[in-house]
Amino acid sequence: MSKRDCITPCRSQEIIDLAEEVAGNQIPIDPIAVLRAQTGISFRRGHFENAYDGLIEWCNGRFWIYSNLDRVGQCGSVRERFTVEHELGHYFIDEHRKALINGTGRHPSFNDFQSDELAEREADLFAAHLLMPTRAFIDAKPKRPRGIPDILELKDQFGTSITSTAIRYVNHSDFFCAIIKWNDDGYGWSWASQETYENRYYRTVKSMDSLPADSATQLVIQCETDPHGFIQCGSVASMWFDYVRVGGRRDAILQEQAISLGQYGYLTLLMLDSDVG
């Protein structure tokens, strides 16, 4: 259910420690300043259609990082910030940097948790913790959960995308919650808090067609709501999680919140009704 399972806990902590050491005390962090502090990297922006979000290249004894404005939007956008930090992950993570120097030469990326490749997930993890260091994120996170309103506030505070902020929000929640990312053509991935796993809610539904027309997610998909707004509806666990029997003991009452990510799809957040402030 969660992409975090593809990186071992030891490896995850190693990458997190590296990213947060690079971040230091900057909140919000300036990705371009971090990049330009590395004398072995040059940076270029350009228009490369749909070739990649960002690219890191080893050429003539030097690293080059490219930002594709056709996919990340304007200079300094939250998507470009994540893209630059993702490419810096490939530079700072020893194994990635050595692979570029010794063989692959160049590495195009589609960022913000879109790829299934392990190296890409590691670079996404690096970027997320560089932009949102653990202690600063925990201190900023509201104690009484409201869900997507919290995520939007944290996104603005750290200058990050809704997607990366939502994943950090779920990872650092001590209550039942899960997110599902939907693409225009269907299910993308899902992520859940430790509390959700411990209560054996493992797998979410993977079909948009199984969702009722009056669910928050379907309403967002149908209405093309503003990316900065969201819809909330009551729901039940059996609608969202495999192996939960309708009306059974584990068929908990949930709050479903859904938000449009614009051209990048939709996000569903599920929480226990009793937990939502």
For the chain, what % of the accessible area comes from carbon and sulfur atoms, probe 1.4 Å? 50
Would you list which aspartates and glutamates come within 13 Å of K143, measuring only between C-alpha atoms, while excluding same-chain residues fewer than 8 positions from it? D174, D275
Taking Cα atoms, the helix 148-158 axis meets the longest principal axis of the chain at an angle in degrees (rounded to 10) of 20
Could you tell me the relative contact order of segment 36-192? Use alpha-carbon pairs under 8 Å, at least six residues apart, and round to a whole percent. 17
By the mean-Cβ-within-10 Å protection proxy, highest first, 159-172, 137-150 rank as 159-172, 137-150
Highest-MSF residue in the chain out of G265, G105, G46 [GNM, Cα springs under 10 Å]: G46
Please report how far the C-alpha centroid of segment 21-69 lies from that of segment 203-275, rounded to the nearest whole angstrom. 36
Under the Kirkwood approximation applied to all pairs of distinct alpha-carbon atoms, what is the hydrodynamic radius of the chain in Å? 19.4
Would you work out if segment 10-60 is rounded, prolate or oblate? Take a ≥ b ≥ c from the square roots of the eigenvalues of the alpha-carbon gyration tensor; rounded if a/c is under 1.5, else prolate when a/b is larger than b/c, oblate otherwise. prolate
Using only Cα atoms, tell me the angle between helix 162-171 and the longest principal axis of the chain; keep it within 0 to 90° and round to the nearest 10. 70
So which lysines can K206 reach, going by Cα to Cα under 21 Å and dropping same-chain residues fewer than 8 places off? K3, K181
Over the chain, with the other protein chains present, what is the accessible area per residue in square angstrom, probe 1.4 angstrom? 45
Which of rounded, prolate or oblate describes segment 157-277 when judged by the alpha-carbon gyration tensor and an a/c cut-off of 1.5? oblate
Degrees, to the nearest 10: 118-131 long Cα axis against longest axis of the chain: 90
In sequence order, what are the phi-derived ³J(HN,Hα) couplings for segment 78-87 according to the Karplus relation 6.51 cos²θ - 1.76 cosθ + 1.60 with θ = phi - 60°, rounded to whole Hz, with x for glycine and proline? 4, 5, 5, 4, 5, 4, 5, 5, 4, 5
Classify segment 124-187 as rounded, prolate or oblate, taking a ≥ b ≥ c as the square roots of the eigenvalues of its Cα gyration tensor: rounded when a/c is under 1.5, otherwise prolate if a/b is larger than b/c and oblate if not. oblate
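The values are calculated or read from the model by the stated rules, or taken from the named source; none is laboratory data. Just so it is clear, the structure is predicted and the values come from calculations on it, not from any experiment. Don't worry about glycine lacking a Cβ; one is built from the backbone with ideal geometry, like all the others, and counts go over all protein chains shown. Heavy atoms of the whole protein, side chains included, go into the accessibility calculation; ligands, DNA and RNA do not. Shrake-Rupley method; radii C 1.70, N 1.55, O 1.52, S 1.80 Å.
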